[in-house]
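What follows is a short report on a single structure.
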Amino acid sequence: MHKVETKTVLPATRLRGDFIVPGDKSISHRAIMFASLAQGESRIRGLLRGEDCLSTLHAFRCLGVEVNDKGDDEIIIQGRGLDGLKEPDDVIDCGNSGTTMRLMSGILAAQPFFTILTGDQYLRRRPMGRVITPLTSMGAKILGRDDHSKAPLAIDGGGLVAAEYHSPIASAQVKSAVLLAGMQVDGVTTVYEPHLSRDHSERMLRYFGADLESFSGGTRVKGRVVLSGKEVDVAGDISSAAFFLVAGLIVPDSELLLKNVGVNPTRSGIIDILQQMGGAIELTNLRELSGEPVADLLVKSSHLHGIEIGGDLIPRAIDEFPVVSVAAAFADGVTIIRDAKELRVKETDRIAAMCDCLGSLGVAIEPLDDGMRIVGGRRLTGGEVNSCGDHRIAMSMAIAALGATTAIKIVDTACTETSFPGFWELLTRITEN
């Protein structure tokens with residue numbers, strides 16, 4: 001049974017504080033996966049303990065991987081190598097995690113056994129054909145609902161061959177699924193994409209010892225190279241930081257310091273967007289953690305203005321557009337978001353959801369086929385909105401409430417645990433009403 005909770009968020013007079021955001025969700029997923037496929041022991045510190053990453057951890061336990069989780073900042077994984085996973089005794093439940101299901105499909109398509117992947121009511125509605133198509137071209141045997149495009153997925157693994165795949169979309173999940181399948185078979189597998197998508201898989205696979213080359217327009221991996229166990233420190237999640245970056249900009253007399261945030265250039269589009277809108281965001285203490293660039297982010301209240309957003313910037317900020325639309329609602333002038341049709345197939349249709357939510361609070365916002373047009377600069381009214389079970393919609397509306405005239409009630413907020421456990425407590429700690 002899907003648990004429905006509600007939260008009421010009051011307007012804020014100012015925000016103050018410094019804090020560390022939870023570990024990066026994308027990096028956490030990959031750390032678990034690659035450590036499980038490596039030979040020997042890996043220690044992972046700073047893992048995001050959200051429900052999505054716990055689904056990935058559960059999946060590998062089902063596949064025979066030993067995990068020592070003491071409940072503190074560190075987990076220890078005993079890797080089983082490319083050939084050491086075992087057939088699970090039962091269906092593997094991926095929860096709400098599209099990353100778990102899509103990347104696991106690439107791993108399991110090359111394993112010589114049978115697996116079934118399922119998920120919650122929202123995940124079972126999301127499109128899986130985008131990974132099934134390239135994996136099938138490599139020889140994978142995957143069945144699913146709705147003409148083999150939706151979960152549950154039945155994977156009869158093994159028998160794959162190296163291939164070249166030209167992806168019609170820039171998607172790190174598609175790219176990663178193909179690379180993970182190709183990594184397990186003889187030969188070289190190449191993925192081409194129209195724009196550069198986030199490169200966490202490439203960085204971490206190299207860190208674990210994979211023979212992988214990135215080039216303009218794509219990535220190739222050599223199969224059957226042994227991965228070795230590593231120590232991994234997970235950077236703070238910039239997608240989680242994004243909510244507080246916007247909050248610090250739109251609430252007057254605010255100053256926040258977000259420590260240890262990952263600023264991978266394939267993910268840092270949110271910083272570029274907010275700075276182009278006039279946001280005062282300063283990057284300090286730049287350094288590297290386990291192959292990933294990190295920094296501390298200082299954000300101060302700013303007068304924002306509308307801009308046009310599209311092209312190569314979109315895949316670098318695709319998960320942040322719900323909260324970008326909140327920033328646009330508080331900015332003077334018009335903001336137009338284009339080339340972001342991918343938003344329609346996330347946990348929910350995020351274009352429709354944000355137009356419904358912000359529109360009900362008095363924002364002049366209209367959906368485009370591939371984005372939104374937002375006329376900002378008018379104070380939001382209070383009211384009631386529904387997240388539709390989407391964690392990023394719920395948290396974005398909490399940020400909108402900080403700058404509204406009266407309180408906003410948000411229906412269906414338990415979903416925030418998938419990516420940002422402790423979000424509501426942190427929001428309360430830094431807020432002065």
Item to complete: Return yes when Leu47 is in contact with a Ser or Thr (Cβ under 6 Å, 6 or more places away or on another chain), over 23 Å from Glu193 (Cβ atoms) and not basic (Lys, Arg) and no when it is not.
Response: yes
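Does Lys222 satisfy being of a type outside the set (S, T, N, Q) and crowded, with 16+ Cβ neighbours inside 10 Å? Steps first, please.
Numbers: of a type outside the set (S, T, N, Q): yes; crowded, with 16+ Cβ neighbours inside 10 Å: yes.
So Lys222 passes the test.
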Worksheet item: How do the pairs read when you match residues in region 183-204 that are over 13 Å from Val221 (Cα atoms) with residues anywhere that are among the aliphatic types (A, V, I, L, M), using Cβ under 6 Å and keeping only pairs 6 or more apart or on different chains?
Response: Glu193/Ala170; Pro194/Ala170; His195/Ala170; Ser197/Ala170; Ser197/Ala172; Arg198/Ala172; His200/Ile27
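Return the only residue of Asp356, Asp296, Asp339, Asp332 being touching a strand residue (DSSP E or B) at 6+ places or on another chain (Cβ under 8 Å) and at positive phi. Before the answer, list the steps.
Details: Asp356 fails: at positive phi; Asp296 fails: at positive phi; Asp332 fails: at positive phi.
Among Asp356, Asp296, Asp339, Asp332, only Asp339 is touching a strand residue (DSSP E or B) at 6+ places or on another chain (Cβ under 8 Å) and at positive phi.
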Discussion item. So in region 345-361, with the set limited to residues that are surrounded by fewer than 23 Cβ atoms within 10 Å (Cβ to Cβ) and either without any contact (Cβ under 8 Å) to a residue 24 or more places away in the chain or not assigned by TED's automatic domain parsing to the domain that holds Pro322 (or both), which one is farthest from Ala401 (Cα to Cα)?
Written reply: Asp349
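Free of Cβ contacts under 8 Å to residues at least 12 places away in the same chain, touching a strand residue (DSSP E or B) at 6+ places or on another chain (Cβ under 8 Å) and assigned by TED's automatic domain parsing to the domain that holds Leu135 - does that describe any residue in region 23-39?
Step one: of region 23-39, the residues free of Cβ contacts under 8 Å to residues at least 12 places away in the same chain are none.
Looking for residues that are free of Cβ contacts under 8 Å to residues at least 12 places away in the same chain, touching a strand residue (DSSP E or B) at 6+ places or on another chain (Cβ under 8 Å) and assigned by TED's automatic domain parsing to the domain that holds Leu135, one finds none in region 23-39, hence no.
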Discussion item. Show the residue pairs meeting these rules: Cβ distance below 7 Å; 6+ apart or different chains; first residue within region 222-239 and over 13 Å from Gly209 (Cβ atoms); second residue among the basic types (Lys, Arg) and assigned to a helix (DSSP H, G or I).
Written reply: Asp237/Lys25; Ser239/Lys25
Worksheet entry | Breaking point among (1) touching a helix residue (DSSP H, G or I) at 6+ places or on another chain (Cβ under 6 Å); (2) part of a loop (DSSP other than H, G, I, E, B); (3) not basic (Lys, Arg), for Leu196 | (1)
Worksheet, complete the sentence: Counting only residues that are part of a loop (DSSP other than H, G, I, E, B), more than 13 Å from His58 (Cα to Cα) and in contact with a Ser or Thr (Cβ under 8 Å, 6 or more places away or on another chain), region 97-127 contains a total of 2
Worksheet item: Just a yes or no: is a residue in region 193-210 at pLDDT 95 or above, more than 23 Å from Gly23 (Cα to Cα), surrounded by fewer than 20 Cβ atoms within 10 Å (Cβ to Cβ) and assigned by TED's automatic domain parsing to the domain that holds Ser42?
Response: no
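Residues are listed down the side, and each one gets a yes or a no for (1) in contact with a Cys (Cβ under 8 Å, 6 or more places away or on another chain); (2) not assigned by TED's automatic domain parsing to the domain that holds Leu402; (3) not β-branched (Val, Ile, Thr):
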position: Arg14; (1), (2), (3): no, no, yes
position: Arg45; (1), (2), (3): no, yes, yes
position: Leu48; (1), (2), (3): no, yes, yes
position: Ala59; (1), (2), (3): yes, yes, yes
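Taking the stated definitions as given, is Arg125 closer than 21 Å to Thr418 by Cβ and modelled with pLDDT under 95?
On the way: closer than 21 Å to Thr418 by Cβ: yes; modelled with pLDDT under 95: yes.
The answer is yes for Arg125.
With the condition kept exactly as written, say whether any residue in region 332-342 is more than 27 Å from Ile430 (Cβ to Cβ), buried (at least 24 other Cβ atoms within 10 Å of the Cβ) and touching a residue at least 12 places away in the same chain (Cβ under 8 Å).
As a first pass, look at region 332-342 and keep what is more than 27 Å from Ile430 (Cβ to Cβ): 333-334, 336-342.
Filter once more, keeping what is buried (at least 24 other Cβ atoms within 10 Å of the Cβ): 337.
Filter once more, keeping what is touching a residue at least 12 places away in the same chain (Cβ under 8 Å): 337.
Yes: region 332-342 contains one or more residues that are more than 27 Å from Ile430 (Cβ to Cβ), buried (at least 24 other Cβ atoms within 10 Å of the Cβ) and touching a residue at least 12 places away in the same chain (Cβ under 8 Å).
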Discussion item. Within region 273-288, does at least one residue satisfy the condition of being surrounded by fewer than 21 Cβ atoms within 10 Å (Cβ to Cβ), in the same structural domain as Gly383 (by TED's automatic domain parsing), among the basic types (Lys, Arg) and out of contact with any Phe, Trp or Tyr (no Cβ under 8 Å at 6 or more places or on another chain)?
Written reply: yes
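Listed here are the residues, each with its yes/no results for (1) in contact (Cβ under 8 Å) with a residue 24 or more places away in the chain; (2) hydroxyl-bearing (Ser, Thr, Tyr); (3) touching a helix residue (DSSP H, G or I) at 6+ places or on another chain (Cβ under 8 Å); (4) surrounded by fewer than 15 Cβ atoms within 10 Å (Cβ to Cβ).
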residue	(1), (2), (3), (4)
Val65	yes, no, yes, no
Asp72	no, no, no, yes
Gln78	yes, no, no, no
Asp83	no, no, no, yes
Glu87	yes, no, no, yes
Val91	yes, no, no, yes
Leu108	yes, no, no, no
Ile116	yes, no, no, no
Arg126	yes, no, yes, no
Worksheet, complete the sentence: Note on region 290-341: residues at pLDDT 95 or above and touching a His at 6+ places or on another chain (Cβ under 7 Å) are Ala331, Asp332, Gly333
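Among Thr99, Thr133, which is under 21 Å from Val191 (Cβ atoms), in the same structural domain as Ser228 (by TED's automatic domain parsing) and surrounded by fewer than 19 Cβ atoms within 10 Å (Cβ to Cβ)? Spell out how you get there, then give the answer.
Working: Thr99 fails: surrounded by fewer than 19 Cβ atoms within 10 Å (Cβ to Cβ).
Among Thr99, Thr133, only Thr133 is under 21 Å from Val191 (Cβ atoms), in the same structural domain as Ser228 (by TED's automatic domain parsing) and surrounded by fewer than 19 Cβ atoms within 10 Å (Cβ to Cβ).
The values are calculated or read from the model by the stated rules, or taken from the named source; none is laboratory data. All figures in this text were calculated on a predicted structure; none of them were measured in a lab. Every residue, glycine among them, receives a Cβ derived from its backbone with ideal geometry; neighbour counts consider all protein chains shown.
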